[in-house]
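Read the figures in this text as sums done on the coordinates, not as results from a lab. What you are looking at is a predicted structure, and each value in this text was computed from that prediction instead of being measured. Here Cβ is always computed from backbone atoms with ideal geometry, including for glycine, and neighbour counts include all displayed protein chains.
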Amino acid sequence: MWALLLAIVAIVELWEKQPLASIGLRPLRWSSLAWGLALAAVTIYVVMPALIWALQAAGIPGFEAGMAKLLVLPVWFRILAVVTAGIVEDTLFIGYAFTRLTRITGSRWLAGIVAATVFSLLHLPNWGVGPVLTYFVAVGLAMSFFAWRRDLIANIVAHTIVDGMGLVVVPALAAR
């Protein structure tokens, strides 16, 4: 995953001859942290509970199988996975794929649908259909936020907090 990130950075800077700001990556600002926290809060307290309720109401399996696979891994590995997902996935699918597909197609909607679909389907083998459906919606929200703010750091902060809560913090609290 980190090699893909380095490849994207090289493509942006060396081949496209664009600054990293072209994918929404700018120096860290306090507002990025605040927006990231706000997006994470909306995702954790509004979006995910509603999506999990919808999965249960539809009888579609949720996150249990995927969580069972991950929670047997050591905490340090899960922390590394959280940081990797937040930084690499958002840079690849929101910062790069969304911005470049928008440029190619002229449509934020089409770019968002394509990038969110690919992102979500890549999670299918490890998570299953239910989580993939929730990821599609959550990534759609994240891309909408990015289209509005053009702040990749805020998206990375939000993604890292959401995953960190699910894979590290809540399981640690539950184990007490």
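Can you spot a residue in the stretch 30-37 that is over 18 Å from the mean Cα position of the chain (by Cα) and on the phi < 0 side of the Ramachandran plot? Yes, that holds for at least one residue. Take the residues of the stretch 103-137 that are of a type in the set (S, T, Y) and free of Cβ contacts under 8 Å to residues at least 12 places away in the same chain: which is nearest to L55 (Cα to Cα)? In this case the residue turns out to be S107.
Take the residues in the stretch 138-176 that are touching a residue at least 12 places away in the same chain (Cβ under 8 Å) and β-branched (V, I, T), then tell me which one is farthest from H123 (Cα to Cα). Out of the qualifying residues, it is I153.
Can you find, within the stretch 73-112, the residue that is surrounded by the fewest Cβ atoms within 10 Å (Cβ to Cβ) among those that are charged (D, E, K, R) and farther than 21 Å from A40 by Cα?
Residues of the stretch 73-112 that are charged (D, E, K, R), as a first pass: 78, 89-90, 100, 103, 108.
Restricting the remaining residues to those that are farther than 21 Å from A40 by Cα gives 100, 103, 108.
Numbers: R100: 19, R103: 10, R108: 16.
Filtering first and then ranking leaves R103.
For the stretch 56-66, does any single residue satisfy the condition of being loosely packed, with under 12 Cβ neighbours inside 10 Å, closer than 21 Å to L122 by Cα and either more than 16 Å from the chain's Cα centre (by Cα) or in contact (Cβ under 8 Å) with a residue 60 or more places away in the chain (or both)?
Yes, some residue in the stretch 56-66 is loosely packed, with under 12 Cβ neighbours inside 10 Å, closer than 21 Å to L122 by Cα and either more than 16 Å from the chain's Cα centre (by Cα) or in contact (Cβ under 8 Å) with a residue 60 or more places away in the chain (or both).
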